[in-house]
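Data block below; observations after.
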Amino acid sequence: MKRLLSCLLMLSLLACDSERTNRNPFLQEVSFRFDINLNLPLYSPLATTGNAVYIGAQGVGTRGVFVLNSGNGQFLAWEASCPNHAPNDCSTMQLNSPVVTCSCEDYSYNLFNGQQQNRPDDGQRYYDLLFYRASQSGNVVVISN
């Protein structure tokens, strides 16, 4: 019986994944919750599929959040700080729905999938946008991490 327990313990230890996730070293995971009332004029662009808004409220993400109406009552939320360098004076990206651009290096990202559109082919590691949860309940979209 002891031998069986030893084998099971050893097997469970060997089955553990030793690889670390490819977490973005430039952006910290911050906890927050922000409610978007879709009845407010400020968020009226979100009534149309493909439109996005920037939310720069204190404590929402690192440098704010971009929220996109992706269609069929679904919303996507992404960190507004460029994921390919530490936050600084130029790292808050500019919105040109459905694309955001970092003015530091002119990197651009698609808000429908979060992927970098103009990734350099220089062998370096590049990161896509940091995703946040977005859920809708009635006329309120809750963005959280």
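Each value in this text was obtained by applying a stated rule to the coordinates, not by laboratory testing. Please read all numbers here as calculations on a predicted model, not as lab measurements. Here Cβ is always computed from backbone atoms with ideal geometry, including for glycine, and neighbour counts include all displayed protein chains.
Observations on the structure shown:
- Residues of the stretch 80-91 that turn out to be surrounded by fewer than 16 Cβ atoms within 10 Å (Cβ to Cβ) and either in contact (Cβ under 8 Å) with a residue 60 or more places away in the chain or touching a His at 6+ places or on another chain (Cβ under 7 Å) (or both), as a count: 1
- Residue in the stretch 92-111 that is surrounded by the fewest Cβ atoms within 10 Å (Cβ to Cβ), counting only those that are outside any strand (DSSP E or B) and in contact with a Lys or Arg (Cβ under 9 Å, 6 or more places away or on another chain): Tyr107
- Residues in the stretch 24-47 that are within 18 Å of the chain's Cα centre (by Cα) and either of a type in the set (Asp, Glu) or in a loop (DSSP other than H, G, I, E, B) (or both): Asn24, Pro25, Phe26, Leu27, Gln28, Glu29, Val30, Ser31, Phe32, Asp35.
- If the condition is being crowded, with 16+ Cβ neighbours inside 10 Å and either among the β-branched types (Val, Ile, Thr) or not in a loop (DSSP other than H, G, I, E, B) (or both), then the stretch 112-135 contributes Gln116, Tyr132, Ala134.
- Flag for Ser70 being of a type in the set (Ser, Thr, Tyr) and surrounded by fewer than 21 Cβ atoms within 10 Å (Cβ to Cβ): yes
- Selection from the stretch 56-79 of residues that are at positive phi and free of Cβ contacts under 8 Å to residues at least 40 places away in the same chain: Gly59, Gly64, Gly71, Asn72
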